[in-house]
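What follows is a short report on a single structure.
Just so it is clear, none of the values below were taken in a lab; they were calculated from the coordinates. Since the model is a prediction, treat every value here as computed from it, not as a measurement. Cβ coordinates were reconstructed from backbone atoms using ideal geometry, including for glycine residues, and neighbour counts include every protein chain displayed.
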């Protein structure tokens, strides 16, 4: 491309940089555009917005509407069609045991990500699972969850799920499938040559044993595993360091100093929910808290949630992290040769300061490498941990949790070779989509078609299913019997909450057709396996089984710590593996998408509409680049570019991310699906098209070229501009940002001035009102959000969406500013463009005492409850939207169209029966989960007591892995929330308006290393 | 025309006569009633009516679509949940104010010059209030439940929320409409009787006969008529002030910077009269020309209206100045930012247009030459109409688009349906107006006749 042929089109980064520099790097800003504010940008803004876009101005053509609806369902468009279907209600003649209408039951089960289990409790109303919570007993959850877990309930009810067995595109039946497998099996050679299985990562002991049984039966059959964003580096790193693929378990609660080498351990990877809990437990600043505040260093290319939580963040190309790891290793005394191409971007002072900090915390420090990094970096991290004496303290090794740990990339390569050589008679793909997500150079789609018989089992009739002869719908985990191991090896039992909605069958059942157990149910397969494994027999086993089902896990199955010795010569072994590109070429890093993962969750409207951490875009991925790279190459957000890596090309929109490493492009995987369903097909760009087996994570020599076209992103926040122009009135813009929305200090300062977050006016204005205050004799609900704990993971947003039946609106409506989330994570930047500090601020309804929304509603649809909530009465609301205008926090959401899906029957089951499904023309907002408050009230009144502290847990609080959100009765001075609000860090947003919010914040306290000044 | 020049007797500039010379009772009646009874359906009228009617049908289309799909077809969003609908509501209702001012306050103040223009100014009021009244209904998320805003008996004993200015709006606007309609109709009765008496066709006789409610012109009738007019004028007078005051409360009661201002009520009322007179000029100038009414609606009328515009425009300018000053003087960061954002934000072009339209250009009315130049007056009246619309846009949209929490800031842009709704109300307005000038006497025959009576009495003395 011609470099910067039209510099005016780019954001004026130089000016922005100069501006920030002039202000001592301490001002707040929201987006690059705001800082540079070129005329082009303003034009762009004007043009960006919906009115002028090519799409129909009123925003809903019929096709879009189809996509917009909650889980991709159809909505006919006529708004008056909110008439509910006529249904007969017949009472039970003989009611099922335990079921009391109106009272939910909770069952423990496990969900899996990349094969690793997280325990969950699933709320079930009259036999319908409606909400997923974390399982407090489960080590991988501790009661919390993440976005994927929260959103997986939508997959269960997704009308796009595959519903019937298909044979060559025609509807068939499970019995035909079993018969066909039986026939095919007889045609195989007795030893099963040419029979191949492809699964994703398997930690299920039952499935592992079934596989082993199968391979014993057919010794020449092959079992391949492939996970597009799996743990290959970690596995190979362990193999390099210790000679075998051991599993690493971290104890972040024991670590005073943590160094992350490109690891987003708070939001991805085995155990991340627990790790987030452990990490933020060390960010607690309660007066009584004895624990020492930890310090986190993060070096990463793309800003992640973990990076935003860091005390020191170093933006570094992913390839340069190898160099950083070597320097750190050398600093703590690990003998390692320096990198062949040393990076100029690593400040020596940083390395030496971090090295000293690590060395000063022997046994209480922790170094963790990210999945994008090479096996060698992982091995180095192990070596550093060993050198610092962290092993056994903050880092523990166990045997692998996988049934058969293999290098999955090689495993898939092996399969492709077999396919290409025509050696595969029958390929059974269980729960994978390699046609979409295999490395591009494997040409998997072509190779696949050389298998003589192709069988696919999966939740969706996806790209792979399309090319297979047989497709059998898989059962959702809420319909399945199974088991799976957690990050520490604890076995969780997967039990069904509901009979399969469609003709779904589990992997166990599919495999059973091969072993000749086709009659056996999933339940029998799992139970029989454990019966054969456990010493307990008969009655004792029965008790164990019942207990395990109740608890959701088999107690005592966590894998014991083992001691492993570091290979003396891993450095020389690893040298050949270490790759580092030329610093001048453009690096490309492939990462799983923070919202939809590797593409598995593409058809999930909740996740698609979830604003991604830091970038805040929805419904898209992008070619993410740093402001520096953008400036250098004349690119700007919204440029539609072609990306060329080797001989492969893809197109994508550019998005400038402050804090991104220079000379590096991040591409999130999972988008650009062609057969995902009504929601997932279409959005974004398929980054797998560039991903080679030689560079599954980091590629070098990317060429980027403008096409001249524009691409519009549906960003929740950063599309908004703050006009800065070096105008004389600039001071006012500063004032806009000095509204003290996020209050920050350092630990050092905090110790000196614990009340730094308090403002005089706040105290003064409290009694300034003409009206007498409300009296609360009983409960007065309140919430405290600890900004020091929040990791911006979005779990609360999806949990709220699930609990409160919040509709999905679609990309076009998001661009028109009509996203419906009741809680949002505001993101702010402070400091310079290249490495700003990032701040999260979750913002639900503040439930003001003097609520500006209440007195402007002409019909009294929003009123003050006797317990201090700002209640919404939906059927009274006529939709004047005055309340939204008058809400200074802008947390109210309006149904501009009929966003809720009243038409798709499968979605009826998913809805929380205690929360109204809102129809068109009605305002809605956070209710503090009033349905949960009322449930607790009923319980307590039945038992003739008051509601206990902690009895009501709001959906956001329950999901939050960082325990940042606490809800309770502020009339009770001993409640947890009262104690938090009594902390000196407590402050309320816009306190000078005298709204007196019930939701208050605990100010952020950073813990920087005084030796590093960035 | 000679009569339009001022006569200088003994060095004192006397006001020129309100109507042209040479009119008798007969000529006045004839001139005005013939437009209705004999002027007939002229091609020009048909042409204008068809355009207006097409726009009315556009309104019909938009409203249907709006009912089917929802207010999402407009550009409103978070944080700008009010957009064109409210801008247009305030604009239309402001326009209505001139009619009431002319018919009520000027009647009480015995300003004779009002007689030639009060009838169609009142009609304009009624039609403008009808256009205005549609918007609060249409902009609701669920317009079919509009009656929730009214205190009506219901089994839940549910009242509207009387603290909300929107409820005050309901009362203010409906009272305003009722009183204006009544006043207008009462004023029409003697004229309707005249039409009844002069009508040739049977249908016209019957319809005008029913509408004139048995008016015979007896002294008792006249006496009661005068009393009723005065009473209604007394009732309507406070409405001139109250309606726009209440409308301004929609904003001042809110806490949004740019809304929460005590200057709003007087400045809204002044703005309303400002835009109302601009609209009267916009309408009067072409009608006067087309129907050859130059000697009934004289240059003096136009000039007086221009002076009223100049005066109210200065009040509005003062309002803007105070708004800016208070934003600065309050020291409040949000208020200051609001003002800064108007001048520097994404909508700054509109703000400067507003200043140009409402403050700068109307200053030309200081010049007598401009006040007496029909094209210039027409131009200025259009400019003021635009400016007053922009003022409401600035207040409603710019204030909302950037309020307290920067993460929610966004740019509001209207969609094509926003424009269609706005244009559609023009359709409604002009359709009604065309029907009015076709079927009702657009100038009060009775009052102009009384004017003739007075001027002819004065003549011998002069």
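As a ratio to 2.2 N^0.38 Å, the alpha-carbon radius of gyration for region B:290-399 is 1.28.
Highest mean packing comes first when the peptides A:205-212, A:496-503, A:954-961 are listed by Cβ atoms within 10 Å, giving A:954-961, A:205-212, A:496-503. Per-residue ellipticity at 222 nm from helix content only, as computed over the protein assembly as shown with -39500 (n - 2.57) for each DSSP H run of at least four residues, stands at -12000 deg cm²/dmol. Put the Cα centre of region B:112-147 next to the Cα centre of region A:153-226 and the gap is 72 Å. Reducing region A:762-835 and region A:849-913 to their Cα centroids gives an inter-centroid distance of 15 Å. For region A:207-328, the percent of C-alpha pairs falling in each 10 Å distance bin, counted from 0 to the bin holding the largest distance, reads 11, 31, 32, 13, 10, 2, 0. Figure legend: label point modelled 7 angstrom from the Cα of residue A:547 along Cα→Cβ; residues of region A:101-120 with amide N under 18 Å from it are A:108-109.
Straightening the chain between residue A:352 and residue A:944 buys 206.9 nm, computed as 0.36 nm per residue apart minus the Cα-Cα spacing. When you count the other C-beta atoms within 10 angstrom of each residue and take the mean per peptide, A:179-189, A:902-912, A:260-270 line up highest first as A:260-270, A:902-912, A:179-189. Spin-label pair residue A:216-residue A:971: with each label point 7 Å from Cα along the Cα-Cβ axis, the two points sit 6.5 nm from one another. Once a ≥ b ≥ c are taken as the square roots of the eigenvalues of the Cα gyration tensor of chain A, is the result rounded (a/c under 1.5), prolate (a/b larger than b/c) or oblate (a/b not larger than b/c)? Rounded, since a/c falls under 1.5. The mean number of Cβ atoms from other chains found within 10 Å of a Cβ in peptide B:140-150 is 6, as a whole number.
Would region A:105-237 count as rounded, prolate or oblate if I go by the C-alpha gyration tensor, calling it rounded below 1.5 in a/c and otherwise prolate when a/b exceeds b/c, oblate otherwise? Oblate, because a/c is 1.5 or more while a/b does not exceed b/c. Mean per-residue shielding of peptide A:849-855 is 2, counting Cβ atoms of other chains within 10 Å of each Cβ. Give me the angle, in degrees from 0 to 90, between the Cα long axis of helix B:333-344 and the longest principal axis of the Cα atoms of chain B, rounded to the nearest 10. Taking Cα atoms only, the helix is inclined about 60 degrees. With the gyration tensor restricted to C-alpha atoms of region A:644-712, the semi-axes of the equivalent ellipsoid amount to 20, 16, 13 Å, longest first. Relative contact order for chain A using alpha-carbon pairs under 8 Å, separation at least 6, rounded to a whole percent? Here the relative contact order equals 17 percent. Highest mean packing comes first when the peptides B:77-85, B:322-330 are listed by Cβ atoms within 10 Å, giving B:77-85, B:322-330. Maximal additional length on extending the residue A:770-residue A:936 stretch stands at 56.3 nm, based on 0.36 nm per residue less the C-alpha distance. Just to verify a number: FRET efficiency for residue B:154 and residue A:534, C-beta to C-beta distance, R0 = 45 Å, to 0.05? FRET efficiency, residue B:154 to residue A:534: 0.10.
The alpha carbon gyration tensor of chain B gives principal lengths a ≥ b ≥ c with a/c of 1.5 or higher and a/b greater than b/c, which makes the shape prolate.
Shown is the FRET efficiency for residue A:441 and residue A:404, computed with R0 = 25 Å from the Cβ-Cβ distance and rounded to the nearest 0.05: 0.50.
Between residue B:57 and residue B:137, full extension at 0.36 nm per residue minus the direct alpha carbon distance yields a gain of 27.0 nm. With R₀ set to 56 Å, the beta-carbon distance separating residue B:34 from residue B:352 gives a calculated FRET efficiency near 0.70. The distance linking region A:659-685 with region B:198-271 is 62 Å (Cα centroid to Cα centroid, whole angstrom).
Using a simple spin-label model with pseudo-atoms 7 Å out from Cα toward Cβ, residue A:175 and residue B:226 lie 10.2 nm apart. Annotation for residue B:289 and residue A:692: the two label points, set 7 Å from Cα along the Cα-Cβ direction, are 7.5 nm apart. Its Kirkwood hydrodynamic radius, worked out from the mean inverse distance over all distinct Cα pairs, puts region B:408-448 at 13.2 Å. Dimensions of region A:247-398 along the principal axes, based on C-alpha atoms and rounded to the nearest Å, stand at 48, 31, 29, largest first. Per residue of peptide B:337-343, the mean number of Cβ atoms on other chains within 10 Å of the residue Cβ is 5.
Take every DSSP beta bridge whose two residues both sit in chain A; close to 60 percent of them are antiparallel.
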